[in-house]
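Since the structure comes first, as structure tokens, the remarks are kept for the end.
The values are calculated or read from the model by the stated rules, or taken from the named source; none is laboratory data. Owing to the predicted nature of the structure, the values given are computational and were not obtained by experimental measurement. Note that each Cβ is placed from the backbone with ideal geometry, even for glycine, and that neighbours are counted across all protein chains shown.
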Amino acid sequence: MSASQAGDPVTVKRERARPFEIRLSLELSRGELVRSFVREAALLEGARSLIASLIAEDTLHAWAVLCAVATGRESASVRVSSSLEDVECAIVVKGHARFSSLVTSLSKFVRRDAGLSVRERGIDGWELGFRRPLTEELTLSELFERGISERAVPQARAPAVPTADVQIDLPKREDAAEIARCFLDVYGRNYVHAEVFSPQRYWSKVECGELLPVVARNENGEVIGHVALEREPGAVIAERGEAVVLSAYRGRHLLEKMTERLSDEAKKLGLIGIFAVPVTIHTFSQRNDERAGMPVCAVLLGATSEGSHPKDADYPTVGQRQSNLIAFRFLTPPPERAICAPEPYRDVLRRIYESLGVEASPRAPATPAMTESKTKLSINQRAYGTIFFEQIGANAGIELKQAFRDVLGLGARAVQLSAPLGDPGLPLLVSQARDLGFFFCGVGPAFFDGSDIFMLQFLCEPLDVRKLQLYTEQAKELVSFIETDRSRQTGESRLGQN
């Protein structure tokens, strides 16, 4: 059989009693093609579905490492075959001088159970081989450790794996290159925080205090995981982000342990809380947030473009923009809040504050003062727009309509509207926003100079919330409430669609 791709012909052949083989240019952009080919060929050779996925991932990891030192002019051959007991994959490349030092240390970058073998081919070639049993039986804990999505197995929590050989500490300048390789291994080159791929830029953010990172190291001292607090100047809270754990080390609660270390460091800086923005294409980060005592307080529907996902992740939200959650944890006992809760959202606000451990009492609504509103609007490169009312004045309705037109005119496909929960004009602003089609989003605790904000949202595109992968019952209930509120505002509920 044969296949082709624009700009570079690719041939695939299968002859009787010979392996499946594909030959193509050694480029990182071909990684997904390689993975798909290896998986399908392994299935045809009789491998179980999970085994085919694992050996395809093994090959993809090695492909990315080889591409890192390739010039873009080389080609490589990928072959898949089987014996009575094993399925095998081999990558054959030329360039002894360029690849020799890399090949000898390749085992650091691929799964430790991949059955890696390396041998010379002629005077200027290398063959990298991977081998797995055709019918290997995997336990549930092994599936989680190797990074297989929990949707492939019955829902259950993987048992803890001993972590005595893993150390959690603060990184040094010389760790920046290893941190970059971790992100490259998991996300490819499309990670939203591009500075992680530049050791100099990354470390400059650490030195100026914008970034407070923590790393996990294996028994050899190599960086296998990373998470950081991202803090804006003068802020009393920080975002836990830039999280990554190499797939071979998943299932050991490393993200949870790194988060705990970050919490200790955040307290030393005088921060009152940390928040996270987990994705909804899987629940790995959400599980960590739940274990770390970070309940969900908001749901950002359509916050990022459809293609914003790790390179090795399943893609259950295909066909729509990606959504995120906001999870939050106070590091010190929070004081009581007096909030101007809009009538339609009093109950959901009460439940959110209870989950955060905050006592919130209602403040009587009032007519906005005869002052002008103070607003800010922005739109990021992912077409997500924000409108923030720092102050709600008597002209809020006019200001809102104009800001809404402006942000849509700039190309926003999803819009977030927010304002302080203590502003007496909030109920009136919310009523006017609902008339425009805005619906509930959530609460941002201490997001505005230590004060809480109330968030609504608007979508310009269809979005099926049933595709979202949610871990906690609280998150599921909040999404259900939001979808009901959206259907009331738009008359387009997706919950009842077939």
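Checking each residue of segment 223-230 against the condition of being of a type outside the set (A, V, I, L, M, F, W, C) and either surrounded by fewer than 22 Cβ atoms within 10 Å (Cβ to Cβ) or in the same structural domain as ALA56 (by TED's automatic domain parsing) (or both) gives at least one match. Scanning segment 328-348 finds one or more residues that are assigned to a helix (DSSP H, G or I) and touching a Gly at 6+ places or on another chain (Cβ under 9 Å).
Scoring CYS441 on the criteria (1) at negative phi; (2) at pLDDT 95 or above; (3) not in a strand (DSSP E or B) leaves a single failure, condition (3).
Please find, within segment 382-422, the residue that is surrounded by the fewest Cβ atoms within 10 Å (Cβ to Cβ) out of those that are part of a strand (DSSP E or B) and of a type in the set (A, V, I, L, M, F, W, C).
PHE388
Does segment 275-288 contain at least one residue that is surrounded by fewer than 19 Cβ atoms within 10 Å (Cβ to Cβ) and in contact with a Phe, Trp or Tyr (Cβ under 9 Å, 6 or more places away or on another chain)? For segment 275-288, residues surrounded by fewer than 19 Cβ atoms within 10 Å (Cβ to Cβ) and in contact with a Phe, Trp or Tyr (Cβ under 9 Å, 6 or more places away or on another chain): absent.
When ARG434, ARG405, ARG413 are checked against the criterion of being farther than 22 Å from ASN324 by Cβ and in contact (Cβ under 8 Å) with a residue 24 or more places away in the chain, ARG434 stands alone in meeting it.
Condition check ((1) basic (Lys, Arg); (2) more than 13 Å from the chain's Cα centre (by Cα); (3) surrounded by fewer than 23 Cβ atoms within 10 Å (Cβ to Cβ)) across all residues:
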| residue | (1), (2), (3) |
| --- | --- |
| MET258 | no, yes, no |
| GLU306 | no, no, yes |
| PRO316 | no, yes, yes |
| THR332 | no, yes, yes |
| ARG337 | yes, yes, yes |
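State which residue is surrounded by the fewest Cβ atoms within 10 Å (Cβ to Cβ) when the search covers only segment 431-447 and only residues that are under 17 Å from ARG350 (Cβ atoms) and touching an Asp or Glu at 6+ places or on another chain (Cβ under 9 Å). Per the criteria, the residue is GLY444.
Select, from VAL161, VAL196, VAL192, VAL186, the only residue that is in a loop (DSSP other than H, G, I, E, B), surrounded by 12 or more Cβ atoms within 10 Å (Cβ to Cβ) and either acidic (Asp, Glu) or modelled with pLDDT of 65 or more (or both). Talk me through it step by step, then tell me what you get.
Working: VAL161 fails: either acidic (Asp, Glu) or modelled with pLDDT of 65 or more (or both); VAL196 fails: in a loop (DSSP other than H, G, I, E, B); VAL186 fails: in a loop (DSSP other than H, G, I, E, B).
Going through VAL161, VAL196, VAL192, VAL186 in turn, just one is in a loop (DSSP other than H, G, I, E, B), surrounded by 12 or more Cβ atoms within 10 Å (Cβ to Cβ) and either acidic (Asp, Glu) or modelled with pLDDT of 65 or more (or both): VAL192.
Applying the criterion of being at pLDDT 80 or above and of a type in the set (Asp, Glu) to the residues of segment 56-114, the residue that is surrounded by the fewest Cβ atoms within 10 Å (Cβ to Cβ) is GLU74. Looking across segment 451-476, the residues that are free of Cβ contacts under 8 Å to residues at least 60 places away in the same chain and in a helix (DSSP H, G or I) come down to ARG466, GLU473, LYS476. Take the conditions (1) under 17 Å from ASP485 (Cα atoms); (2) in contact (Cβ under 8 Å) with a residue 40 or more places away in the chain; (3) not aromatic (Phe, Trp, Tyr); PRO424 misses just one of them, which is (1). Taking THR375, is it surrounded by 14 or more Cβ atoms within 10 Å (Cβ to Cβ), under 18 Å from ALA433 (Cα atoms) and either within 28 Å of the chain's Cα centre (by Cα) or without any contact (Cβ under 8 Å) to a residue 12 or more places away in the chain (or both)? In short, no.
Quick one: how many residues across segment 260-286 are closer than 20 Å to PRO334 by Cα and of a type outside the set (Lys, Arg)? Reasoning before the result, please.
Within segment 260-286, the first condition is being closer than 20 Å to PRO334 by Cα, and the residues that meet it are 260, 262-276.
Filter once more, so that each one left must be of a type outside the set (Lys, Arg): 260, 262-266, 269-276.
So the count comes out to 14.
Inside segment 241-262, residues that are in contact with a Phe, Trp or Tyr (Cβ under 7 Å, 6 or more places away or on another chain) and either more than 20 Å from GLU178 (Cβ to Cβ) or modelled with pLDDT of 95 or more (or both) make up a count of 1.
Considering (1) within 28 Å of ARG252 (Cα to Cα); (2) modelled with pLDDT under 75, the lone condition that ARG131 does not fulfil carries the number (2). Among the residues of segment 426-478, the ones that are over 25 Å from the mean Cα position of the chain (by Cα) and among the aromatic types (Phe, Trp, Tyr) come to 1 in all.
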